[in-house]
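All remarks here apply to the structure that follows.
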Amino acid sequence: MRWQGRRQSDNVEDRRTQSGGSRGGFRGMGGIGGGPGFRLIRGGGFSGIIILVVMFFVLKAVGVDPWQVLFSDGNMGQLQTQSSGRTVAQGGGVQSDESTQFARTVLAETEDVWSGIFQSNGANYPSPTMVLFTGQVQSACGFASSASGPFYCPGDRKVYIDLAFFNELSSKFGASGDFAQAYVIAHEVGHHVQNLLGVLPKFNQARQTMSAADANRMSVRVELQADCYAGVWGYYTDQKGILEAGDFEEALNAAHQIGDDTLQRRSQGYVVPESFNHGTSAQRAEWFKRGFDSGRLEMCDTFSANI
């Protein structure tokens, strides 16, 4: 993928200086906040209260306002910039390592493509914000760890990703290549598109009265549509001449490697179809290919398809 030298998005919050915790294994890519692929982190208790009390008096003793530090809504040690729409950590802006530059470039490419698609249909495209974190993070959908994998939270319209996931994608799941990584980001942005089009709100409302099995089956359709939307983005990206030989195959392989059946066989040696919530390897690859081959949103109607 010829991404170097292209525009990089400023819709990025770099929270890596405030994140912590250990990284876990892959739990599924493309989870909707509060649903599949999203795991709440619980903890604290009495010991946590004691630590907060001690920190309160220590900070007060050294002349620091403890209320600003301890109860700053997760923004401790950061300055908010209203003009750029991103969070700038103390001592500098968004880190500029190569993986960060790549993620920002892919996000910018999704902004360009989806803005064009929405504009052609007489609508504006409000871009999502990408949050970069390490270990664990707080979103409008709750706390999540890196073990959850990348996810989109419709509550704050943000894509969350620990860039270390890309190393796991390659080393643990055999999905290497920059366009495989781009597919991951494009899938999460696909969920943002679903949110704007009303798909996610309807699903989140409907699943409140569904059985677990029915909710899983509906979740598969939601996830496969996001795969298809990622393919639509890939179609227009290819039209720009950005893709190189083998890029499409990289994304297709990534979609295959993170299918529910493949992940379950790898982790437990057998599959439980009733628990699928993202789709099989064959389904994920198929729907990405549909979007990539056509570049048309109407080809991504997973809700009317026989799945």
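The values are calculated or read from the model by the stated rules, or taken from the named source; none is laboratory data. What you see is a predicted model; the values in this text were computed from it and never measured. Note: ideal-geometry Cβ built from the backbone for every residue, glycine included; neighbour counts use all protein chains shown.
Within the stretch 163-180, residues that are within 23 Å of GLY135 (Cβ to Cβ) and free of Cβ contacts under 8 Å to residues at least 12 places away in the same chain have Cβ atoms under 9 Å from residues that are part of a loop (DSSP other than H, G, I, E, B) and not aliphatic (A, V, I, L, M) in these pairs: SER170/SER176; SER170/GLY177, counting only partners at least 6 apart in sequence or on another chain. Screening ASN306 against (1) outside any helix (DSSP H, G or I); (2) of a type outside the set (Gly, Ala, Ser); (3) exposed (fewer than 13 other Cβ atoms within 10 Å of the Cβ); (4) in contact with a helix residue (DSSP H, G or I) (Cβ under 7 Å, 6 or more places away or on another chain) leaves a single unmet condition, (4). Against the definition (over 25 Å from ASP214 (Cβ atoms) and over 22 Å from the mean Cα position of the chain (by Cα)), how does GLY246 come out, yes or no? Answer is yes for this residue. The condition of being among the polar types (S, T, N, Q), closer than 21 Å to GLY149 by Cβ and either in contact with a His (Cβ under 9 Å, 6 or more places away or on another chain) or assigned to a helix (DSSP H, G or I) (or both) holds for only one of THR237, THR262, that being THR262. It is to be established whether one or more residues within the stretch 217-224 are surrounded by 21 or more Cβ atoms within 10 Å (Cβ to Cβ) and assigned to a strand (DSSP E or B). No, because not a single residue in the stretch 217-224 is surrounded by 21 or more Cβ atoms within 10 Å (Cβ to Cβ) and assigned to a strand (DSSP E or B). Scan the stretch 172-204 for residues that are at pLDDT below 95 and not in a loop (DSSP other than H, G, I, E, B) and jot them down. ASN204, the sole residue that qualifies. Could you say whether any residue in the stretch 267-289 is of a type in the set (Gly, Ala, Ser), farther than 14 Å from MET218 by Cα and assigned to a loop (DSSP other than H, G, I, E, B)? Yes, the stretch 267-289 has at least one match. Take the residues in the stretch 269-293 that are among the polar types (S, T, N, Q) and buried (at least 18 other Cβ atoms within 10 Å of the Cβ); name whichever of them is nearest to GLN239 (Cα to Cα). Only one residue tops the list, namely GLN283. When the stretch 147-172 is filtered for residues that are in contact with a helix residue (DSSP H, G or I) (Cβ under 8 Å, 6 or more places away or on another chain) and more than 19 Å from VAL106 (Cβ to Cβ), only PRO154 remains. Here is the figure for the stretch 89-134: residues that are over 14 Å from the mean Cα position of the chain (by Cα) and either at pLDDT 95 or above or not in a strand (DSSP E or B) (or both) total 32. Which of the following residues is within 22 Å of ASN195 (Cα to Cα), in contact with a His (Cβ under 7 Å, 6 or more places away or on another chain) and either modelled with pLDDT under 95 or not aromatic (Phe, Trp, Tyr) (or both): ARG86, ARG157? Just a single option satisfies the conditions, and that option is ARG157.
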